[in-house]
Amino acid sequence: MRDGVPSTSAQSALRRLRRRPEAWLLAVILIVGTIFSLTARDFLSLPNIIDLLETYSVQAIMAMGLFVVLVSGGIDISFAATASVAQYCAALLASQLGLPAPLVILAGLAVGGILGCLNALLIHYVRITSIIATIAMMSVSFSLLMYFSGGKSIYTLPDWWTDRIVFWQTETESGDLVRITLPIVAMVVVTLFTWAWMTRSSAGRQLYAMGGNAEAARRIGINIGRLQFVAYGYLGLMAAIAGMLQAHRVGESVPNAMYNTELAVLSAAVLGGASLTGGIGTVPGVLLGIVLLAILQNGLNLLGVSSYFFQIVIGITILASTSLTVISSRRGRRHRILAEAPANG
Amino acid sequence: MTDIVPFLRLSNVSKNFVGVRALQDIDWEVRPGEIHCLVGENGCGKSTLIKIVAGVHAPTSGTIEIGGQEVLPLDPAKAKALGIQVIFQDLSLFPNLSVAENIAIDDTLQNMLMPVNKAAMRKTTRAVLERLAFDLDLDAAVSDLSVAERQIVAIARGLAAEARLIFMDEPTASLTRAEVDRLLAIVSRLKADGIAVVFVSHRLDEVVEIAERVTVMRDGRKVGTWPVGEVDQKKIANLMTGLHIDNSIVARDMSSAEPVLEVKNLTRHGEFADIDFTLRRGEVLGIVGLLGSGRTELALALFGMHRVDSGTMALEGQPLTLRSNRDAVRAGIAYVSEDRLGLGVILPQSIGDNIMLAVMKSMTNGLGLIPDKSRKKLAGDWVQRLAIKVPSADRAVQTLSGGNQQRVVLAKWLATKPKVLILDSPTVGVDIKNKQGIYEVVTDLARQGVGIILISDEVSEVFATCDRVLHMRGGRILEEEVPGRVSEHEMEERIYA
């Protein structure tokens, strides 16, 4: 009606779909995937795909937490540092004190959750802008970790932590072993939970409302402070899970192993359509963002391209995707005035 | 009438903020199902009054009764539970959420761990929209709706929360006449359901048209409440200001003056098309139109901020191409923005520094520095010429009142000695007394030979200052009029038609 063109519901559904970043992202993934599968022989093989899933499960779990913070209208740079701290604390408890698994895991989660809540505290009560608060927190917690650990890795993780947990496995015709392992299952569970929680629960919808218009949310009686703690606390928990899974995958705890992953995770979320101004984004979108990054890195690896080139590709993809969003919304705004003009003019 | 129990009754309500008496001894009633208008100038205490009833502020003294029950102390949640809803001017909607999620937002406010029942939300929404006899796509994002539709969503949200009394703050500010009529039809439906509506407005014509009773406030006190038949627009205006406002017409015939700015077929796709006009030396040319008519977009193009797609401009007979606003400033075009605070001044800086901003280059000495003496002189001159009320030009602009801030912006551009001055809604947020002052400055400047384009959606403002008026709608100029040849009322009818 506003476009001045009578449209069928199929047309409007198509138009809605075209406006969704997820649809564009899926198209890009298909194109990039096709190119790689034609040029790199192993790319589309089942073992490669499963391997890719496992490699990116840690980042995907952090991305789910970050997604919640982005929807709430904030941003967090400190989660990779949080993950490292939680991982190292848990590793210390397990290797030095020999605590049992449930206690170690709980302690790791607690460290992540507390660091997340500390961010929320700084942002909500001290009123520091989220990007500043979390950059500072990243600096503090990572430096504390390096100081107290002396940069030393912990190689003596208990078996319950480092043993592979295989949920399902099969052998391909070519003799490769394909295994669905704990990180993959954890990623699936976290993704499904985050998706259901954000779309179906009161808290999820309140987070979207707060990200869309914080002042209106406050006026309508939404408890902004509590939601900040929910969002940053959730990201802290996800970071802790990701951190402990990372140690599980590599079999040791290296203090700076996850340093610098925050940018890749943030890129994936933004690529997937999560808005840095809040209120907009979906779990499938963020997942697709991760998939695109994974495909790019893996495909370029298989083609033997330098890893610096991958960083360039990440940067360019972010620039391109964000400018596309801005340009298309600007065009939409422009066409509104004249479209409503009287026909005689 | 006396036997009706008022839905809301305030007795002796006062509110002091630190050092300021915002409200003083207010006695006020709203009856069930009544349409009531609350009018007053900016800063008269209207918003404070609303916020007290909505539970945002606690009154310093006095009592509030709702349905005959004393309700103090009040908080926002309690006020809402008692049926008080406030629709703020910005509507407070969630642009990223769907219509249904906005209207039934209360359903998501329960226990955080509870799942949201989307079917129930849709049912609530449908029932409410049915009551309003209004059709909307429940799944459309609110950011895709027109302003009028958003307003309906805000009202529907109030209804979904079982409102008994709805405050609407400036509900018609950006609506067309047809949309205002539709809104009024909805308000009368609410009335039939026994829901009271209090309009807060500064558009006096509407007040007279829809309200049953009018309450006028001034300087934190209630001047009085009258049935609408007993007061007319002029009387209300006088009660609001305590002054007699003289809206005499100043239009002069300037057609023999030399042209300053000639615009032909100016077009920017999607924003405005085929704009033709000639501005003459010393002339005040008004451009009126609603928000979204393309008036501000045109102004930005004339100032070089947006490029045009086709058409020509000429300044004093010389062809003019603007690639940026620097080109415009160099050519002698100045622009005072609608968003005075956002775009016009740097609030924490001093008056002098702000005025100097656009002429800095011409003030530098051989070393590229700006001598303090010439800075002081410039600031002092303009403070005096524009009668900015301030003890010293070193004061930060944010310490000034709205009207005086607007004068600082004016001074900043006038210091560039412009040939053309574009004023976009110069009196938004300025009270009536200060408005008069700004009108005087505008007419004064025109007498000195500056060509002025004044963009506004207030017809009375244009009539009080302009020689000619262009009416814009949908990105085009519909007609040209001379104030006095048509009446203010006629012009308003056409604009809001």
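The values are calculated or read from the model by the stated rules, or taken from the named source; none is laboratory data. It should be emphasised that the depicted structure is a prediction, and the values quoted were computed from it without experimental measurement. Note that we place each Cβ from the backbone using ideal geometry, even for glycine, and neighbour counts take in every protein chain shown.
Of the helices (runs of 4 or more DSSP H) lying entirely inside the range A:175-265, those carrying at least 2 residues that are within 15 Å of the chain's Cα centre (by Cα) and touching a residue at least 12 places away in the same chain (Cβ under 8 Å) are A:182-200, A:224-250.
So, in the range A:172-201, how many residues would count as being of a type in the set (G, A, S), within 10 Å of chain B (Cβ to nearest Cβ) and buried (at least 18 other Cβ atoms within 10 Å of the Cβ)? Residues meeting the conditions: 1. Being outside any loop (DSSP other than H, G, I, E, B), under 25 Å from B:R31 (Cα atoms), outside the structural domain of B:S425 (by TED's automatic domain parsing) and not polar (S, T, N, Q) narrows it down to one residue among B:A163, B:A178, B:A156; which is it? Going through B:A163, B:A178, B:A156 in turn, the sole match is B:A156.
If you check B:I84, B:I64 for being under 18 Å from A:A217 (Cα atoms), away from every other protein chain (no Cβ under 12 Å), touching a strand residue (DSSP E or B) at 6+ places or on another chain (Cβ under 8 Å) and crowded, with 18+ Cβ neighbours inside 10 Å, only one passes: B:I84. When the range B:92-104 is limited to residues that are of a type in the set (A, V, I, L, M) and facing chain A (nearest Cβ under 8 Å), the one that is surrounded by the fewest Cβ atoms within 10 Å (Cβ to Cβ) turns out to be B:L97.
Let's see how each residue does on (1) out of contact with any helix residue (DSSP H, G or I) (no Cβ under 9 Å at 6 or more places or on another chain); (2) modelled with pLDDT under 85; (3) hydrophobic (A, V, I, L, M, F, W, C):
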{"residue": "B:L414", "(1), (2), (3)": "no, yes, yes"}
{"residue": "B:K433", "(1), (2), (3)": "no, yes, no"}
{"residue": "B:I438", "(1), (2), (3)": "no, yes, yes"}
{"residue": "B:I453", "(1), (2), (3)": "no, no, yes"}
{"residue": "B:V459", "(1), (2), (3)": "no, yes, yes"}
{"residue": "B:G475", "(1), (2), (3)": "no, no, no"}
{"residue": "B:E479", "(1), (2), (3)": "no, no, no"}
{"residue": "B:P483", "(1), (2), (3)": "no, yes, no"}
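Working only within the range A:77-104, note down all residues that are closer than 16 Å to A:I61 by Cα and among the aliphatic types (A, V, I, L, M).
Those that are closer than 16 Å to A:I61 by Cα and among the aliphatic types (A, V, I, L, M): A:I77, A:A80, A:A81, A:A83, A:A86.
Close Cβ contacts (under 9 Å, 6 or more residues apart or on different chains) running from residues in the range B:307-331 that are β-branched (V, I, T) to residues that are surrounded by fewer than 16 Cβ atoms within 10 Å (Cβ to Cβ) and assigned to a strand (DSSP E or B) comprise B:T312/B:K264; B:T312/B:N265; B:T312/B:P319; B:T321/B:T312. Of the residues making up the range A:266-298, those that are within 14 Å of chain B (Cβ to nearest Cβ) and free of Cβ contacts under 8 Å to residues at least 60 places away in the same chain number 0.
Every residue, every condition in (1) buried (at least 23 other Cβ atoms within 10 Å of the Cβ); (2) modelled with pLDDT of 90 or more; (3) within 11 Å of chain B (Cβ to nearest Cβ), yes or no:
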| residue | (1), (2), (3) |
| --- | --- |
| A:R205 | yes, yes, yes |
| A:N223 | no, no, yes |
| A:Q228 | yes, yes, no |
| A:I241 | yes, yes, no |
| A:V254 | no, yes, no |
| A:Y259 | no, no, no |
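Among the residues of the range B:379-389, none qualifies, meaning not one is modelled with pLDDT of 75 or more and either assigned to a loop (DSSP other than H, G, I, E, B) or under 18 Å from the mean Cα position of the chain (by Cα) (or both).
Six or more apart or on different chains, Cβ under 8 Å: which pairs go from a residue in the range A:99-119 that's free of Cβ contacts under 8 Å to residues at least 24 places away in the same chain to one that's surrounded by fewer than 24 Cβ atoms within 10 Å (Cβ to Cβ) and part of a loop (DSSP other than H, G, I, E, B)? Could you list them? Short answer, once both residue conditions are applied: A:A107/A:L99. Regarding B:L49, is this residue within 23 Å of the chain's Cα centre (by Cα), at pLDDT 85 or above and surrounded by 14 or more Cβ atoms within 10 Å (Cβ to Cβ)? Yes. When the range B:333-358 is limited to residues that are at pLDDT 75 or above and part of a helix (DSSP H, G or I), the one that is surrounded by the most Cβ atoms within 10 Å (Cβ to Cβ) turns out to be B:I355.
For the range A:144-166, a residue qualifies if it is over 25 Å from the mean Cα position of the chain (by Cα), closer than 21 Å to A:P100 by Cα and not in a loop (DSSP other than H, G, I, E, B), and the qualifying residues are A:I154, A:D159, A:W160.
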